[in-house]
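To start, the structure under review is shown below, and the notes come after it.
The values are calculated or read from the model by the stated rules, or taken from the named source; none is laboratory data. The shown structure was predicted, so the numbers you read here are calculated from the model rather than taken from an experiment. Ideal geometry is used to build each Cβ from the backbone, glycine not excepted, and the neighbour counts take in all protein chains shown. We work out accessible area using only protein heavy atoms, side chains counted, and drop any ligands, DNA or RNA first. Shrake-Rupley method; radii C 1.70, N 1.55, O 1.52, S 1.80 Å.
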Amino acid sequence: MQSKKFNDKSNIIGKNVKKYRNQKGYTQEQLCQQLDLLGLNLYHSDIYLIENNKRIVKDYEAFALAKIFGITLDELYFGANDEFLRLQ
């Protein structure tokens, strides 16, 4: 079964995940370790796919990412994501 995409992207938070991960100084592997402490098992390849908009992000994954980054879900989803806020 093929998943639906928006502008050929599987998620809208990839750019922000990378931005906030870098702000925290985490590698993809270190981010996975932080997520594991919350009980969420992701691999660095999952983070890569999320950051490159090639993997769907489940709601509980977004919640865990926002918690680790110390931001709101609104910031994770909409911070600096103007391309998705503009309707063409």
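Scan segment 1-19 for residues that are more than 12 Å from Ala66 (Cα to Cα) and assigned to a loop (DSSP other than H, G, I, E, B) and jot them down.
Met1, Gln2, Ser3, Lys4, Lys5, Asn7, Asp8, Ser10, Asn11, Ile12
Looking only at segment 25-38, count every residue that is farther than 16 Å from Ile71 by Cβ and either modelled with pLDDT under 95 or among the hydroxyl-bearing types (Ser, Thr, Tyr) (or both) and tell me the total.
So the answer is 1.
Among Ile47, Ile56, which is the only one that is of a type in the set (A, V, I, L, M, F, W, C), open to solvent by less than 60 Å² (accessible area, probe 1.4 Å) and either touching a Cys at 6+ places or on another chain (Cβ under 9 Å) or touching a residue at least 40 places away in the same chain (Cβ under 8 Å) (or both)?
Only one candidate qualifies: Ile47.
Out of the residues in segment 4-22 meeting the condition of being of a type in the set (A, V, I, L, M, F, W, C) and surrounded by 14 or more Cβ atoms within 10 Å (Cβ to Cβ), tell me which one is farthest from Asn53 (Cα to Cα).
Going through the qualifying residues, I end up with Val17.
Can you go through Asn22, Asn41 and tell me which one is farther than 18 Å from Leu73 by Cβ, at pLDDT 95 or above and assigned to a loop (DSSP other than H, G, I, E, B)?
Asn41 is the lone residue from the list that is farther than 18 Å from Leu73 by Cβ, at pLDDT 95 or above and assigned to a loop (DSSP other than H, G, I, E, B).
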